[in-house]
Amino acid sequence: MFRHQKELQFEVKVDKPDPMLARQIQEVLGGQFGEMTVMMQYLFQGFNCRGNEKYKDMLMDIGTEEIGHVEMLCSLISQLLDGASPDDQAEAAKDPTIAAIMGGVNPQHLLVSGLGGLPTNSNGVPWNGSYIVASGNLLADMRSNLHAESQGRLQVARLYHMTKDEGVRATFRKMLARDRYHQYQWLAAIEELEAKNGVVVPASFPPEMEKESQPEAYEFWNLSEGTESSDGLWATGSAQDGSGEFVYVKEPVAKGQIPKNKVPAESLHHDLNTIDTLK
């Protein structure tokens, strides 16, 4: 059961309307790494979590918080759009740089949402459910969550420097702080899960089951010009789980065969049988 509380988690108050900033903020609302994504990702991970109430409760806590962040951003966008009109888009277009980069005001804010936030990114592309990860494997999901929070915080930090509006910046600072905490949170969960199950996902498929493929678990193949990659920890030293030593393969050799596929039936109209006769 969810219960809506009218007060926002943090105050949202802008200094003045800015329709173009509203368009930019759409990215951290409905973009790939926006608040809608982490909201749905954490909630679906929580809905589907089995057998460990600690992780389920934590996921539901943070997923529900993210619902509040979506509402905060909608409020922020609405305030930035106060008083906007089609004339604003024409005025913005007078500056060729702004017109080229931003295209002025997002027309959907005027035509579709009536000066409100949209479930889209900054270019009007609708939010997509394929953005979220909810695999049923806790460690895999927590790593995905860390990635999502890292990208989301990065985008908010970039937006912070794109405005001088102190009211907007105050909201961003709260979001940046929460995104920082959420990274701490996922790192702690990852550390705990790795201590229990090891660093490789899924732990339920142990290295012994790879049999003759064991060497491939430790080799770094040099497949681009230069050998600078040999300096990384991924190419020398021990694997993170202590199960083997990394090997740098400077000149890797293909170990497979050249594929020779059979010609399909002529009813597929592939024209392959006539290629040799046309030469």
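Conditions: (1) under 26 Å from Ser144 (Cα atoms); (2) hydroxyl-bearing (Ser, Thr, Tyr); (3) surrounded by fewer than 11 Cβ atoms within 10 Å (Cβ to Cβ). Ser224 meets all but one. Number of the miss?
Ser224 satisfies every listed condition except (1).
Assess whether Glu192 counts as being at pLDDT below 95 and either closer than 30 Å to Lys13 by Cβ or part of a helix (DSSP H, G or I) (or both).
no
Give me the pairs, please: first residue somewhere in region 206-234 and more than 16 Å from Pro252 (Cβ to Cβ) and modelled with pLDDT under 90, second residue anywhere and polar (S, T, N, Q) and assigned to a loop (DSSP other than H, G, I, E, B), beta-carbon distance under 7 Å, and either six or more positions apart or on two chains.
Short answer, once both residue conditions are applied: Pro207/Ser243.
Condition first: more than 26 Å from Val201 (Cα to Cα), aliphatic (A, V, I, L, M) and out of contact with any helix residue (DSSP H, G or I) (no Cβ under 9 Å at 6 or more places or on another chain). Now tell me which residues in region 233-264 satisfy that.
Val253, Ala254, Ile258
What residue, among those in region 94-109 that are open to solvent by 60 Å² or more (accessible area, probe 1.4 Å) and of a type outside the set (A, V, I, L, M, F, W, C), is modelled with the lowest pLDDT?
Thr97
For every residue, the table says whether it meets (1) under 14 Å from Val38 (Cα atoms); (2) outside any helix (DSSP H, G or I); (3) open to solvent by 40 Å² or more (accessible area, probe 1.4 Å).
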residue: His147; (1), (2), (3): yes, no, yes
residue: Ser150; (1), (2), (3): yes, no, yes
residue: Val168; (1), (2), (3): no, no, no
residue: Lys174; (1), (2), (3): no, no, yes
residue: Tyr184; (1), (2), (3): no, no, yes
residue: Leu187; (1), (2), (3): no, no, yes
residue: Ser204; (1), (2), (3): no, yes, yes
residue: Gln214; (1), (2), (3): no, no, yes
residue: Phe220; (1), (2), (3): no, yes, yes
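Against the definition (crowded, with 19+ Cβ neighbours inside 10 Å, at pLDDT 95 or above and over 15 Å from Glu66 (Cβ atoms)), how does Met142 come out, yes or no?
Working: crowded, with 19+ Cβ neighbours inside 10 Å: yes; at pLDDT 95 or above: yes; over 15 Å from Glu66 (Cβ atoms): yes.
Considered against the rule, which asks whether it is crowded, with 19+ Cβ neighbours inside 10 Å, at pLDDT 95 or above and over 15 Å from Glu66 (Cβ atoms), Met142 comes out as yes.
Being closer than 30 Å to Leu193 by Cα, of a type outside the set (A, V, I, L, M, F, W, C) and open to solvent by 60 Å² or more (accessible area, probe 1.4 Å), is that true of even one residue in region 259-274?
Filtering region 259-274 for residues closer than 30 Å to Leu193 by Cα gives none.
Among the residues of region 259-274, not one is closer than 30 Å to Leu193 by Cα, of a type outside the set (A, V, I, L, M, F, W, C) and open to solvent by 60 Å² or more (accessible area, probe 1.4 Å), which makes the answer no.
Hey, could you check region 54-89 for residues that are open to solvent by 50 Å² or more (accessible area, probe 1.4 Å) and outside any helix (DSSP H, G or I) and say which is modelled with the highest pLDDT?
Among residues in region 54-89 that are open to solvent by 50 Å² or more (accessible area, probe 1.4 Å) and outside any helix (DSSP H, G or I), the one modelled with the highest pLDDT is Asp82.
With Trp186, Trp234 as the choices, which residue is under 30 Å from Ala22 (Cα atoms), within 27 Å of the chain's Cα centre (by Cα) and of a type in the set (Phe, Trp, Tyr)? It would help to see each step written out before you state the result.
Details: Trp234 fails: under 30 Å from Ala22 (Cα atoms).
The conditions single out Trp186.
Consider Val112 against the criteria (1) out of contact with any Pro (no Cβ under 8 Å at 6 or more places or on another chain); (2) open to solvent by 60 Å² or more (accessible area, probe 1.4 Å); (3) in contact (Cβ under 8 Å) with a residue 12 or more places away in the chain: it satisfies all of them except one. Which criterion is unmet?
Just one mismatch for Val112, condition (3).
Pick from region 240-250 the residues that are modelled with pLDDT of 95 or more and in a loop (DSSP other than H, G, I, E, B): which of them is farthest from the chain's Cα centre (by Cα)?
Per the criteria, the residue is Lys250.
When the residues of region 246-258 are narrowed to those that are touching a residue at least 12 places away in the same chain (Cβ under 8 Å) and over 16 Å from Ser224 (Cβ atoms), which ends up surrounded by the fewest Cβ atoms within 10 Å (Cβ to Cβ)?
In this case the residue turns out to be Val247.
Every residue in region 16-53 that is in a loop (DSSP other than H, G, I, E, B) and either surrounded by 24 or more Cβ atoms within 10 Å (Cβ to Cβ) or at pLDDT 95 or above (or both), please. Break it down into steps so the answer makes sense when it comes.
Residues of region 16-53 in a loop (DSSP other than H, G, I, E, B): 16-18, 31-34, 48-52.
Those that are in a loop (DSSP other than H, G, I, E, B) and either surrounded by 24 or more Cβ atoms within 10 Å (Cβ to Cβ) or at pLDDT 95 or above (or both): Gly31, Gln32, Phe33, Gly34, Asn48, Cys49.
What number of residues within region 180-232 satisfy the criterion of being touching a helix residue (DSSP H, G or I) at 6+ places or on another chain (Cβ under 8 Å) and on the phi > 0 side of the Ramachandran plot?
0
The values are calculated or read from the model by the stated rules, or taken from the named source; none is laboratory data. These numbers come from a predicted model, not from an experiment. Every residue, glycine as well, gets a Cβ built from its backbone with ideal geometry; the counts of neighbours run over all protein chains shown. Surface areas here come from the heavy atoms of the whole protein model, side chains and all, with no ligands, DNA or RNA. Shrake-Rupley method; radii C 1.70, N 1.55, O 1.52, S 1.80 Å.
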